[in-house]
Every structure is written in C-alpha cells, then in structure tokens.
Amino acid sequence: MNQQTVDNVRAWTAVQARDRSFDGKFVTGVLSTGIYCRPSCAARHPKRENVRFFATADQAEAAGLRACLRCLPNDVARDEAAVKTVIDAIRMAESAPTLAELGALTSYSPTHLQRIFKRETGLSPAAYARAVRRERVKDALDSGASVTEAIYDAGYGSASRFYEEQKKDRKMGLKPGVWKNGGAGVTVHWAIVETSLGAMMVAATDKGICCLSFNEGEEELRGRFPKADLRAGGDAFAKLLAQVVAQVETPGRPHNIPLDVQGTAFQEAVWQELRKIPEGETRSYADIAVAIGKPKAVRAVGSANGANHVAVLIPCHRVVRSDGTMGGYAYGLEIKTRLLEKETK
C-alpha cells in the first residue's frame, strides 16, 4: 500500500480491526454520510457498499468528503511530528522535561500528548526519558567513567535518584537489565515449527515474543538467554505460536502479537520505525536514520537491525541498501527475498 493506490481488501480488513498501524496510510470515505475517517476510527463500521478508500485526505476532499470530527484524520501527520519533537527535546535536554513543558512545546494537552506518544513508541515520555538517561549511563561506563561520574553526566541530580528510577522501572515491569543479564529469573517457552520458509523457532515470556528466528534451535536460544529457564511450549503457548505462524505465512494481516524485547533507546527507536514500514515496501538504512532524527547514524541503524531477535514481527527484512540491493540478513538472503515476495503478493 503506498501514497497513490490502496489495496481495498487489506484496507477493509484494517478498518474492521481498527488497526492503528494503518493510520496515515489511507483514509476511509463513507459515501452515505459524506465524511472520511482514520482506519482506526472508533465510530460504528459503515456498510461495505458505502465505503471508498482514498490514499490521501486531499483525494477524499476532492471527492466531496469532509474530515470526521471524532477521529480527526488530518491530525495523523501532526501527531507524528509532535512525537518526533518530544523525542528530540528529551534527547537534547540535560534533565527530563516535564509533561506540561512537552505539551506546551507541541501545543497538545499533556494527557493527549502522553496518549499519542505511548501509542507511537510504546513508552510514556517519562519512561522514554529514563531509557535515554540509562543509555547515557551505559555509554559513559563504556568510555571508562566511574559509576558516580556516569550517573551525574547522564543528568541525574544524585546517585539516589538513579537508583530510585531503576527501582520504579522494575515495579512497572520495565526490566532493561534482565536480557543483558542473560534472562536471569525469566521463564521462556519455546518451540520449533515448520513453515514455508523453513524451520522457525519462536520463544516467548509471559509478556510476549522474545525471539523469532529461522533454522536455529535450543543451542542458539540458550546462547541468547543463557540464564533463562527454557521450557517446551505448552497449551497456552500453542495459541500464541499459531498467531505467529499465521502472520509469517500470510503477511499483511492485522495483528496484536505482544513482544517482550528491550534494547537501548536508540535500538528501540529503530525497531519502532521498522514496524511502521508497510508490508511489501522497503526502506534504506539511511531512510530509517532520517526517520528517527539521526541522519548520520546509518551504520548504527545497521547495528540496531542486527540486534533484533524478533524476525518478521520487527521487520528488519524490509531494510535494504540505498542502491536498492538487498544488503545482509541474519537468516540468509534467500529467506529475506522470499519474505519480501510474500508481502508484495
């Protein structure tokens, strides 16, 4: 699906699922009421015969339709710009801006800003700011700074503040140190299933999928999470596994498969951008770098791609070189090519 044409079947499926990932990719024109909406609009679904899909709001308005006052479809681009502004503000600030300050910066109410930011990034602005500060601490430590120096250089007013935030994140279930510590204390259920792309390994915690790979087994999984409690998938895991297989075999289906992945703030920004690439389309490493506000970090984007343990669901296979050639892929170019072929069909 691109800016000029709309796949009507996929679009209608997305509308029925109220799939937010399609917001901004097309609008739904309701001919019986004369309005157009986001795909995720919460209003009651119209009859299919009364619906026409448009690639842009301008096309819908040229057809005589007006914007829905409930879902405000014209605000999608504004929301994306506001989220980027917040990310830039958090990364540039020495100390974390308050939600009220970020609201004033973007001309959004604090409550609405928090909602759209979490929808786009999976984190609240405050949690994102904490992730940025943790990243600064790690970078400082990697550069040879002492723990105290790293904490203060990252923008914490005191060491106690740093440890209070660490404790708060653990209570919220945000455990960025767990995977770095080899998955200690975590139970991971896993299984290998045959697919049209070959043997696929899927592993999950109680929060979501933590690994999806091809032509790997327990040895590779143990290498990723050496301290985790690995267990064969049971009945509860079977349902999740079936969802994953369906998504791999028929890409383009709306899904809400939960993920349990943690990385640095930079890696998570890259992964979030990868999930925005529509099925059947590709982006270059440079495109991703620009999209996350780091145009010079092309090589770092490639490293973040390689650090992704969840193939397909975080679609690193949709990233190619600027000259259009495939580039690399952890599970081989044949699988990357077949994935893209599946999606374009």
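The values are calculated or read from the model by the stated rules, or taken from the named source; none is laboratory data. Small disclaimer: the values here were computed from a predicted structure and weren't measured. Positions of Cβ are backbone-derived with ideal geometry, glycine not excepted, and every protein chain shown enters the neighbour counts. The accessibility values were calculated without ligands, DNA or RNA, using every heavy atom of the protein model including side chains. Shrake-Rupley method; radii C 1.70, N 1.55, O 1.52, S 1.80 Å.
Principal axis extents of the C-alpha atoms in the stretch 193-345 (largest first, rounded to whole Å): 44, 35, 26. Here the stretch 11-135 has 52 percent of its accessible surface on carbon and sulfur atoms, given a 1.4 Å probe and all protein chains in place. Highest mean packing comes first when the peptides 17-29, 193-205 are listed by Cβ atoms within 10 Å, giving 17-29, 193-205. The protection proxy used here, the mean number of other Cβ atoms lying within 10 Å of each residue, ranks peptides 81-89, 127-135 as follows, highest first: 127-135, 81-89.
What are the GluC sites (Glu not before Pro) within the stretch 264-308 that DSSP puts in a loop, where the Cβ has at most 16 other Cβ atoms within 10 Å? Please report the intermediate quantities before stating the final value.
On the way: sites: E268, E273, E279, E281; in loops: E279, E281.
Of the GluC sites (Glu not before Pro), the ones in loops of the stretch 264-308 whose Cβ has at most 16 other Cβ atoms within 10 Å are E281.
With one equal scatterer per alpha carbon and no solvent term, the Debye-computed log10 I(q)/I(0) for the stretch 245-333 at 0.15 1/Å reads -0.53. For the stretch 222-236, backbone phi angles converted through the Karplus equation (6.51, -1.76, 1.60; θ = phi - 60°) give residue-by-residue couplings of 4, x, 6, 10, x, 9, 6, 8, 8, 9, 4, x, x, 4, 5 Hz, Gly and Pro being listed as x. For the pair the stretch 260-315 and the stretch 1-65, the centres of their Cα atoms are 28 angstrom apart.
Taking the stretch 40-113, how much of its Cα-Cα pair set, in percent, is spaced more than 21 angstrom apart?
Counting pairs separated by more than 21 Å, the tail of P(r) holds 44 percent.
Counting only Cα atoms, the stretch 1-125 measures 54, 25, 23 Å along its principal axes, largest extent leading.
The value given for the stretch 1-55 is a Kirkwood hydrodynamic radius of 10.9 Å, derived from the mean inverse Cα-Cα separation.
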